[in-house]
Amino acid sequence: MNFRLKTSKETGEKLVALQASTGLTWNILSRLAVSLSLNDSTMPELVENKSGVEIHRNAMTGENDYVYKALIRQHAQRNVTDEEYFPDLFNAHLERGMSLLDNEYKHAGNYEKFLQNLIKMEN
């Protein structure tokens, strides 16, 4: 069982930048990003470039790890082994979601509007 994942360089930079801009911690940003990615019914691409930041599984999912695994399993529409779930599929959703989250922040222009836009998202 793997307890660490390593992001791409781009996602690592987005995490650092969004944390500085919003004051939200990496774990909160990561959870938001994965949620945004799960909203897209297509499967995200697996991460090949792993030269970014290293993050521990507990920091990412905390006591809700089983919930994230169930959500990712449901999204994949198949049984997902623990080895597939973390770090591979979780990281794939994190990568795609961080791009979405970063774009949303840039579009919003400020923290307050960013949060309001996230709250308004439906699907």
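The values are calculated or read from the model by the stated rules, or taken from the named source; none is laboratory data. Everything numeric here is computed off the predicted structure, so don't read it as measured data. Here the Cβ positions follow ideal geometry from the backbone for every residue, glycine too, while neighbour counts run over all protein chains shown. Note: accessible area is taken over every heavy atom of the protein model, side chains too, but ligands, DNA and RNA are not part of it. Shrake-Rupley method; radii C 1.70, N 1.55, O 1.52, S 1.80 Å.
Some values worked out for this structure:
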| item | result |
| --- | --- |
| From the options Ala108, Ala20, residue that is open to solvent by 70 Å² or more (accessible area, probe 1.4 Å), over 15 Å from Leu5 (Cα atoms) and hydrophobic (A, V, I, L, M, F, W, C) | Ala20 |
| Selected residue (criterion: most open to solvent (accessible area, probe 1.4 Å)) from residues of region 50-69 that are within 18 Å of Gln19 (Cα to Cα) and assigned to a helix (DSSP H, G or I) | Ala59 |
| Residue selected from region 70-102 under the condition open to solvent by 40 Å² or more (accessible area, probe 1.4 Å) and of a type in the set (A, V, I, L, M), by the criterion nearest to Glu45 (Cα to Cα) | Leu100 |
| Members of region 75-93 that are aliphatic (A, V, I, L, M) and either out of contact with any Pro (no Cβ under 9 Å at 6 or more places or on another chain) or part of a loop (DSSP other than H, G, I, E, B) (or both) | Ala76, Val80 |
